[in-house]
1. So what is the relative contact order for the stretch A:386-466, in percent, with contacts set as C-alpha pairs under 8 Å and at least six apart?
2. I need the calculated FRET efficiency for the pair residue B:336 and residue A:281, taking r as the beta carbon distance and R₀ as 60 Å, to the nearest 0.05.
3. Restricting to DSSP H runs of at least four residues, report the calculated mean residue ellipticity at 222 nm for chain A, -39500 (n - 2.57) per run over all residues, nearest 500 deg cm²/dmol.
4. Can you tell me the 0 to 90 degree angle between the C-alpha axis of helix A:84-96 and the longest principal axis of chain A, rounded to 10?
5. May I ask you to compute the full-extension gain from residue B:56 to residue B:351, defined as 0.36 nm times their residue separation minus their alpha-carbon distance, rounded to one decimal in nm?
6. Taking neighbour counts of Cβ atoms within 10 Å as a proxy for exposure, in what order, fewest first, do B:202, A:106 appear?
7. Over the Cα atoms, compute the radius of gyration (one decimal) and Dmax (the largest Cα-Cα distance, rounded to a whole number) for the stretch A:386-466, in Å.
8. Calculated FRET efficiency, residue A:217 and residue B:123, Cβ-Cβ r, R0 51 Å, to nearest 0.05?
């Protein structure tokens, strides 16, 4: 059965953002799918998040040297952004160009990198790679500040090719060495001393005296190549197109095997990868054009992609928080919400290594699953939260409801969430215990609201709710 | 189950992390060394308060139970522990201790690897239990499940559903996760994981009910609550081999004297109760506790606290431990401290690599091959 307009719109917002409220979805359906995609692709047309407001409540979101504060800032943005795709692209690039607090030790430099992803995430991939190579956090993370003409450090050169643009098997060790030499001199400016005013932001500096000016051969091209030349050569490689296409597919469409297996495992949908590769090449590496192709494609809109991904912790946490609509303004408790991503295995701004997080079913183990279920249940059980009240009110308006109607409406208003027949049977069995859902008398209304709270908790506890 | 046995029982390792870098100088105080008092005009333990263990060093006065255990010969102190090229970032240094990788960023924890070696097929979902939220990287390894318990008596899925609704809700949960109709491999995997989590949680919670003890753990002490949880799980014989807990923050850049004292009172009180409890339950001979911190603190105080240092202090406590001082106390002479060209001036030099301590515990206590876990061969100590 093809997806309904509402299902498709919910799918789009889960993937291109962090989910939407029912009212937002209904408005988007009225506007139409293609027009909505176009809106998403132009975040600059929507107002930015008012960070001033956040900082009045959470000064640490901007100034702290602690990771938690920076995480609060990003989570608040993800919850409240009117530019969902801008934030989702930033998260995508963060996973791909994984740079971690554990080495950089200053959350502000990583936040600075995320800000760069917001600016360039939907632009030219060429410019993005140049910006990445100039990014202070990245330079420190992969030791490019230690790389000099007479002693090149290969860390950045290697990961640029292996993890950030082409993937293993598409270049030689000599290419790694040439790339490393070309990026010598791309370093950090000396920082002002920490005392007495505290830390200053790190800045990029190009040092010609540390750069290796000599001739290099990279992927068959020879010349006095500098870093930007390396990027120019990379982005036109078919291997780079395929690599980015596969990452996009894995993040936005359906879970692929883990990245290290890509050289041996074929893509789940080779045709889809071809379509994205074409869009990349034809648009001259324009991510906005590639994303347009992706969201308008049949493979994205097909049932095969529907709930074909395991939610990342950020998607789960932000999705539930948006559903219950509690943190539209900063308030106490936001830090605890932000930390949930860490407890579930996605410590934002602090990925486990340069390979980023393992995704798909690797998000799930016994400990993480318990955290996911309990967090989501804790949120949806609370009848005072606006998003939960909204669901209760819709049910009240439709009441009296048979147990099946009660369950179906809950599943619908929570997503819509698609569940297997067996999950349906289990939920229906539970919904049937209390008989019809009625709001006639005050006592009925009280009991029914509690039943809604209980059923919502079971829905978020389901396996299907772990999918995006 | 791999590894060796002790008195027919499987040895258990409790790893306890002092978060934020504990000050070694105010933990094992070199009270006979004038350089200590010269560098510490206010962030100091006066000689008369030190719990002397010999005529050179003694414990912080808030470590009475540790001192008593030391006197009984149950505490091994590893002085001057660290690694080459000290890193002064908490996170990076913790990571180095978590993964035994001083050169690169790795996601594989040393205890994660130990768990895999102890239980290669993953037969027991409770081979390792962490007390706290989120998993320290030490325990993290792809495919190795570890239960992370915030609170033992309410641990499990849907802890938010209580009262009359709970039994039926849990039955519904089991039904939802038992469904096999979904052809999807991911849903099947998730089904098994959910049922495992529930099973593990039921078993873990049952440990609370089975537990009886005359030992009173200090109230309002989070360390004590976690160590009590460890004792409860340990006594329930669930096959758990590795426990993990942490406390802090020991990052005492300011107001060190009151903060450090309170932290050690909490840790000391909890350790006191825990080891009494182990003795009462005939479990003291198969359990050791390894206490570590990511680095030490600056020799010279900053007026109210101490900044990040290098060489630190670790301890191993247990009935089977040969107590005493291991390795040597790092020199406090200015010329012996780390120098500016080494990244930071004025820190204690390490003289013993922490990977040797890990190797000792892995091989001599757990009976595992340490080399692949810590990434090399390091000098082992003889405390077990």
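Bear in mind these aren't lab numbers, they're just calculated from the coordinates by the rules spelled out. Small disclaimer: the values here were computed from a predicted structure and weren't measured. Here the Cβ positions follow ideal geometry from the backbone for every residue, glycine too, while neighbour counts run over all protein chains shown.
1. Reported relative contact order: 36 percent.
2. Numbers: r = 62 Å, r/R0 = 1.03.
Efficiency, rounded to the nearest 0.05: 0.45.
3. For chain A, the value works out to -16500 deg cm²/dmol.
4. For helix A:84-96, the angle is close to 50 degrees.
5. 104.4 nm
6. Fewest-to-most ranking of B:202, A:106: B:202, A:106.
7. 11.7, 36
8. 0.40
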